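Okay, so here's the structure we're looking at.
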Amino acid sequence: MTAGGTRVRLDIGLFVLALLLACACVFGGVLVVQQHRDDQRVAAEQERYGEVLAAARTEVTAFINIDYRNAQDSIDAVAAGATGDFRKQYDTSTDSVVKVLEREQSVMDGQVLWAGVVDVDADSATVLAATTGTVANRSTDNQKVARYFRLKLDLQKVGDRWLTSNLEFVG
């Protein structure tokens, strides 16, 4: 009887061990799938941040690089990255801006020093950017004068592009 009882206990012990291993495998599989989904979510967020930053940097670069000798090209570069009210306001002021640029013989050169995403979701974002550059025009006797700008941009996802819906100077 003891040999049979031992065999039953051994069979039950092996069954319990096999059941525990099976549970561990299922649990491990669930963890792997969950980690894979988390990795995909993080990768998508990082890609979105990169797209937002690239769009903001492009828009700011266009905005702070204007030359009266090709004023319309400069204006068009800003308009290409704009949408909504910002685009409408920019479009309606184009003629007067071009006239002022040509009259004052304004040349503004600059670059983005840094830009950072303040807030982002699936279809909107806010970015802060700092720039450095120079401006030369009639009021500066065509001498380059240093200019530093801090800008806040609101961006909207339009189709597959991030476009600027608002741009403002900040302190």
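Coordinate-derived values only; no laboratory data. The shown structure was predicted, so the numbers you read here are calculated from the model rather than taken from an experiment. Backbone-built Cβ (ideal geometry, glycine too); neighbour counts: all protein chains shown.
Data overview
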read-out: Nearest-20 debye value, region 50-169 charge dipole, Cβ charges on Lys, Arg, Asp, Glu; value: 360 debye
read-out: Ranking of Leu113, Leu20, Leu167 by count of other Cβ atoms within 10 Å, fewest first; value: Leu20, Leu113, Leu167
read-out: Positive-end extreme of charge dipole, the chain - chosen from Val30, Trp162, Thr131 (charges on Cβ); value: Val30
read-out: Relative contact order [Cα under 8 Å, 6+ residues apart], the chain, whole percent; value: 19 percent
read-out: Phi-based couplings in Hz for region 67-83 (Karplus 6.51, -1.76, 1.60; Gly and Pro marked x); value: 10, 4, 6, 9, 4, 5, 4, 5, 5, 4, 5, 5, 4, 5, x, 10, 8
read-out: Amide hydrogen neighbours beyond the local backbone of Leu113, cut-off 5 Å, H modeled; value: Ala130, Thr131, Thr132
read-out: Whole-Hz couplings from phi, Karplus 6.51/-1.76/1.60, listed for region 24-35; x for Gly and Pro; value: 5, 5, 4, 4, x, x, 4, 5, 5, 4, 5, 5
read-out: Degrees separating the helix 84-104 axis from the principal Cα axis of the chain, which is the longest one; value: 30 degrees
read-out: Pairs of Lys in the chain closer than 26 Å at Cα, counting only those 8 or more apart or on different chains; value: 5
read-out: Counted charge near Thr131, where neighbours are those whose Cβ lies closer than 9 Å (Asp, Glu -1; Lys, Arg +1); value: +2
read-out: Compactness relative to 2.2 N^0.38 Å, alpha carbon Rg of the chain; value: 1.93
read-out: Among Ala44, Val78, Leu19 - extreme Cα towards positive end, dipole of the chain, charges at beta-carbon; value: Leu19
read-out: Whole-angstrom gap from region 57-117 to region 118-170, using each part's C-alpha centre; value: 10 Å
read-out: Phi-based couplings in Hz for region 126-140 (Karplus 6.51, -1.76, 1.60; Gly and Pro marked x); value: 10, 10, 10, 9, 10, 10, 9, x, 9, 9, 9, 7, 4, 5, 9
